[in-house]
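The values are calculated or read from the model by the stated rules, or taken from the named source; none is laboratory data. Every value quoted in this text rests on a predicted model; they were computed, and no experiment measured them. Cβ: placed from backbone, ideal geometry, glycine included. Neighbour counts: every protein chain shown.
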Amino acid sequence: MSVKSEIESLLFVSSRPLSVKRLAEATGHDKKDVQQALEELLAEYDARPESGFTVLRNGDEVQLATSPEHAELVKTFLKDETFGELTRPALETLTIVGYRGPLTKAELEQIRGVNCSLILRNLLIRGLVETEGGKTDDPSAPATYRVTFDFLRYLGIRQTNELPDFAALSSDENLQKLLDAAAAKAAPTEAAPEASIEAPQAE
Amino acid sequence: MSVKSEIESLLFVSSRPLSVKRLAEATGHDKKDVQQALEELLAEYDARPESGFTVLRNGDEVQLATSPEHAELVKTFLKDETFGELTRPALETLTIVGYRGPLTKAELEQIRGVNCSLILRNLLIRGLVETEGGKTDDPSAPATYRVTFDFLRYLGIRQTNELPDFAALSSDENLQKLLDAAAAKAAPTEAAPEASIEAPQAE
Amino acid sequence: MYEIKIEKFEGPLDLLLKLIEREELDITEVSLAKVADQYIEQLQKLPEISAEELADFLVTAAKLLYIKSKMLLPLLHWGEEEEEGDLERRLRMYKEYVEAAKKVLAMLGKKRHTYVREKPPVSALGFAPPKDFTGEKMAELFRDILKRLIPVVKTPEGVIERTVSIHEKIRHIQELISKHAKVSFHHLLKNAETRSEIIVSFLALLELVKQRHVTVSQENSFSEIHLEKV
């Protein structure tokens, strides 16, 4: 594949502007070659009628961005994606973080039984959940999540233990068992016990 | 500006897969128009030589992603470590969901001949499988499972129909045809099976 | 003396396929009949597994024995052609997916992963709480979530509920016979609680006959089976 195509991949995937120097480093090509491929790419984009995105250049830096014609559409879309009504899975996630926080993403996913990456991200952006940093000496310890003060205030309480029925619900026996079991096998659990057995001896 | 260009902007900017329905809502166009514009866009991408990105499709959802040719480059650039290992049973289950999804747990277990609850749970947590929720009007209908965009990205394919021998393996009926054809080839004359087991053959 | 190890297996179809592949056979009724004994031998070595799972293995064992009997006694009239043809068909289909999984694994090995756009680092963009959300609603949601956990947590427990191994049964039958010299099959099943236990008893009996520890006699079809110590 060409330098142009490589550069396009990196520009596409990056959420930040990239310099020619950085692009050359990442692809292992000469700055001159990168510069030329970049020119070609720009010419191609310019020639394309009705493109949904475009290339922004600022000094030495380059970035892909949506076309200015769609600024309003994109803004409304992103606002709605970020701040639209919370879905039931999102409310469930928020609730679990409320009753069981601080907890890790892995623990949260054990409880919900599905991947929670996107939902958690959205709750963070909305200021409903935050990561608890700097509380532990071990830098490799996974991040833990808890609800924010703003959210507690919104509910009209000062601490999570003022949530209804907090003591009973937060120390539910099944929930504890599940998390203990998951912690015991840090590795992904296997389905039905796998039997490893030996074949009868050949006669 | 055209519907196509609007759609392209939204696909570019969205952090999650988008359905035709969602795209229609956001742009205010008919689902039919969105669908058609989407087809045009995909055809255009396919025709583009050495593209740095491509379109992934799963069910009625669409998402933009980098080209599989640049996997190593992008991985290094993003310092990504998300794609881990799979156990054999998990791989087998995932494969069946890939070919046969959306399918129910009962259908999956019929094929594998073994209970799959735990494996499915692990695949759900890893985000490689998802339940198709709210897609049916009947709330009592059993949940169906399908692979996710992360699965497509993991494999470097754009749609599940790029899986090897997809047509033959995607339905019982086609699979039966495949097996019948293989049997016919192996034994052109429908000879009686020779019972070569320890018992003497009764004549 | 050499041993061929059977790789880890999961479920009856998986075991059956591995046995057939080890013998380098195609999937046919003849092959199924051939590996029937090996299948049962492997069953006896199964570690403790759930009654439900064992039942799955045993139903397949019963089908294999049926197929084998049919091969041994081809002149008898056998009904239910569909039934065991079904096992062959299911195994063939299963095999196709096992093969496909290998191809998928090879694809994964090429590491042609694709990537979506990098997400910018997260920072709260403001405060956007859900509409009309209260502590009471949270408690209600949390109770629902806890309810959903029950089957997830209970499964591993249910597994241990009650397991009957063929070994156990063999010992049981041998004990009974050494005490009474002659026992009816009906008597053996007196305490059987589940269908799988009945099948286990029958398999254990067959095993004892094969090992020539007991002889069996039966007056007519469907009449009582009597066991005697050899």
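Given the options B:VAL62, B:VAL20, name the one that is closer than 24 Å to B:PRO102 by Cα and either among the hydroxyl-bearing types (Ser, Thr, Tyr) or touching a Pro at 6+ places or on another chain (Cβ under 7 Å) (or both). Talk me through it step by step, then tell me what you get.
Numbers: B:VAL20 fails: either among the hydroxyl-bearing types (Ser, Thr, Tyr) or touching a Pro at 6+ places or on another chain (Cβ under 7 Å) (or both).
So the residue among B:VAL62, B:VAL20 that is closer than 24 Å to B:PRO102 by Cα and either among the hydroxyl-bearing types (Ser, Thr, Tyr) or touching a Pro at 6+ places or on another chain (Cβ under 7 Å) (or both) is B:VAL62.
For the condition over 29 Å from B:THR131 (Cβ atoms), facing another protein chain (nearest Cβ under 10 Å) and either out of contact with any Lys or Arg (no Cβ under 8 Å at 6 or more places or on another chain) or not aromatic (Phe, Trp, Tyr) (or both), what is the one hit in A:VAL114, A:VAL74?
Numbers: A:VAL114 fails: over 29 Å from B:THR131 (Cβ atoms).
One residue alone meets the criteria, A:VAL74.
Of the residues in the stretch A:115-132, how many are buried (at least 20 other Cβ atoms within 10 Å of the Cβ) and closer than 21 Å to B:ILE125 by Cβ?
Summing the residues that are buried (at least 20 other Cβ atoms within 10 Å of the Cβ) and closer than 21 Å to B:ILE125 by Cβ in the stretch A:115-132 gives 7.
When you scan the stretch B:1-35, how many residues do you find that are in contact (Cβ under 8 Å) with a residue 12 or more places away in the chain and closer than 26 Å to B:ILE157 by Cβ?
Just the residues of the stretch B:1-35 that are in contact (Cβ under 8 Å) with a residue 12 or more places away in the chain, to begin with: B:2-4, B:6-8, B:10-12, B:14, B:16-21, B:23, B:26-27, B:29, B:33-35.
Filter again for closer than 26 Å to B:ILE157 by Cβ, leaving B:4, B:7-8, B:10-12, B:14, B:16-21, B:23, B:34-35.
Of the residues in the stretch B:1-35, 16 are in contact (Cβ under 8 Å) with a residue 12 or more places away in the chain and closer than 26 Å to B:ILE157 by Cβ.
For the stretch C:178-230: of the residues being hydroxyl-bearing (Ser, Thr, Tyr) and surrounded by fewer than 16 Cβ atoms within 10 Å (Cβ to Cβ), which is modelled with the lowest pLDDT? I'd like the intermediate steps shown before the answer.
Initially, the stretch C:178-230 is screened for residues hydroxyl-bearing (Ser, Thr, Tyr), giving C:178, C:184, C:194, C:196, C:201, C:215, C:217, C:221, C:223.
Then drop every residue that is not surrounded by fewer than 16 Cβ atoms within 10 Å (Cβ to Cβ), which leaves C:178, C:184, C:194, C:215, C:217, C:221, C:223.
On the way: C:SER178: 74, C:SER184: 79, C:THR194: 63, C:THR215: 80, C:SER217: 80, C:SER221: 72, C:SER223: 76.
The residue in question is C:THR194.
Residue by residue through the stretch C:91-109, note down the ones that are of a type in the set (Lys, Arg) and facing another protein chain (nearest Cβ under 7 Å). First the steps, then the outcome.
Of the residues in the stretch C:91-109, the ones of a type in the set (Lys, Arg) are C:92, C:95, C:102-103.
Within the stretch C:91-109, C:ARG92, C:LYS103 qualify.
State whether one or more residues within the stretch C:66-88 are within 11 Å of chain B (Cβ to nearest Cβ), more than 24 Å from B:ASP180 (Cα to Cα), at pLDDT 80 or above and crowded, with 17+ Cβ neighbours inside 10 Å.
no
Just one of (1) free of Cβ contacts under 8 Å to residues at least 60 places away in the same chain; (2) under 14 Å from the mean Cα position of the chain (by Cα) trips up A:ALA106, so point out which.
Result: A:ALA106 passes all but (1).
Read through the list (1) within 23 Å of the chain's Cα centre (by Cα); (2) buried (at least 16 other Cβ atoms within 10 Å of the Cβ); (3) more than 12 Å from chain B (Cβ to nearest Cβ), then give the number of the only condition that A:VAL62 fails.
It fails just one condition, (1).
Determine which single condition B:VAL74 fails, assuming it passes every other condition in (1) of a type in the set (Val, Ile, Thr); (2) over 25 Å from C:ARG90 (Cβ atoms); (3) touching a residue at least 40 places away in the same chain (Cβ under 8 Å).
Every condition holds for B:VAL74 apart from (3).
Of all the residues that make up the stretch C:126-139, how many are in a helix (DSSP H, G or I) and within 7 Å of another protein chain (Cβ to nearest Cβ)?
Residues of the stretch C:126-139 in a helix (DSSP H, G or I): C:135-139.
Pick out the ones that are also within 7 Å of another protein chain (Cβ to nearest Cβ) and you get C:135-136, C:138-139.
The number of residues fulfilling the criteria is 4.
Return yes or no: is B:ILE111 under 23 Å from C:MET107 (Cα atoms) and not charged (D, E, K, R)? Outline the logic, then answer.
Working: under 23 Å from C:MET107 (Cα atoms): yes; not charged (D, E, K, R): yes.
It is true that B:ILE111 is under 23 Å from C:MET107 (Cα atoms) and not charged (D, E, K, R).
Of C:PHE142, C:PHE57, which residue is within 13 Å of chain B (Cβ to nearest Cβ) and modelled with pLDDT of 80 or more?
Values: C:PHE142 fails: within 13 Å of chain B (Cβ to nearest Cβ).
Answer to the selection: C:PHE57.
Please specify each residue of the stretch A:139-152 satisfying the condition of being over 17 Å from the mean Cα position of the chain (by Cα) and more than 9 Å from chain C (Cβ to nearest Cβ).
Looking only at the stretch A:139-152, we keep the residues that are over 17 Å from the mean Cα position of the chain (by Cα), and these are A:139-141, A:147-152.
If the condition is that a residue be over 17 Å from the mean Cα position of the chain (by Cα) and more than 9 Å from chain C (Cβ to nearest Cβ), then A:PRO139, A:SER140, A:ALA141, A:VAL147, A:PHE149, A:LEU152 are the ones that fit.
Which of the following residues is at pLDDT below 85 and within 12 Å of chain B (Cβ to nearest Cβ): C:ILE49, C:ILE40, C:ILE27? Give the derivation first.
Details: C:ILE40 fails: within 12 Å of chain B (Cβ to nearest Cβ); C:ILE27 fails: at pLDDT below 85.
On inspection, the qualifying residue turns out to be C:ILE49.
Return only the number of the condition from (1) under 30 Å from A:LEU11 (Cβ atoms); (2) in contact (Cβ under 8 Å) with a residue 12 or more places away in the chain; (3) among the aliphatic types (A, V, I, L, M); (4) within 9 Å of chain B (Cβ to nearest Cβ) that A:LEU123 does not satisfy.
The number of the failed condition is (4).
The conditions are (1) of a type in the set (A, V, I, L, M); (2) more than 9 Å from chain A (Cβ to nearest Cβ); (3) in contact with a strand residue (DSSP E or B) (Cβ under 6 Å, 6 or more places away or on another chain), and B:ALA24 fails exactly one of them. Which is it?
(3)
Given (1) surrounded by 12 or more Cβ atoms within 10 Å (Cβ to Cβ); (2) at pLDDT below 80, where does C:GLU175 come up short, assuming only one miss?
(1)
Within 10 Å of chain B (Cβ to nearest Cβ) and at pLDDT below 95 - does that describe any residue in the stretch A:36-45? Lay out the reasoning, then the answer.
Residues of the stretch A:36-45 within 10 Å of chain B (Cβ to nearest Cβ): A:41, A:44.
After this cut, where a residue has to be at pLDDT below 95 as well, the list is A:41, A:44.
Checking the stretch A:36-45: at least one residue is within 10 Å of chain B (Cβ to nearest Cβ) and at pLDDT below 95.
Within the stretch B:153-169, can one find any residue that is farther than 20 Å from C:LYS102 by Cα, surrounded by fewer than 17 Cβ atoms within 10 Å (Cβ to Cβ) and more than 11 Å from chain C (Cβ to nearest Cβ)? First the steps, then the outcome.
Residues of the stretch B:153-169 farther than 20 Å from C:LYS102 by Cα: none.
Within the stretch B:153-169, none of the residues are farther than 20 Å from C:LYS102 by Cα, surrounded by fewer than 17 Cβ atoms within 10 Å (Cβ to Cβ) and more than 11 Å from chain C (Cβ to nearest Cβ).
Return the pair list, or none, for Cβ contacts closer than 6 Å from residues in the stretch A:82-100 that are in contact (Cβ under 8 Å) with a residue 60 or more places away in the chain and under 17 Å from C:GLY135 (Cβ atoms) to residues that are assigned to a helix (DSSP H, G or I) and of a type in the set (A, V, I, L, M, F, W, C), at least 6 apart or on different chains.
A:GLY98/C:MET138; A:TYR99/A:LEU169; A:TYR99/C:PHE142
I'm checking my understanding of the structure. Among residues of the stretch B:77-97 that are within 18 Å of C:GLU96 (Cβ to Cβ) and at the interface with chain C (Cβ under 7 Å from one of its Cβ atoms), which one is modelled with the lowest pLDDT? Show your work before the answer.
Filtering the stretch B:77-97 down to residues within 18 Å of C:GLU96 (Cβ to Cβ) leaves B:88-89, B:91-97.
Add one more test, that the residue is at the interface with chain C (Cβ under 7 Å from one of its Cβ atoms), and what stays is B:89, B:91-92, B:95-96.
Numbers: B:PRO89: 92, B:LEU91: 96, B:GLU92: 96, B:THR95: 97, B:ILE96: 97.
Top of the filtered list is B:PRO89.
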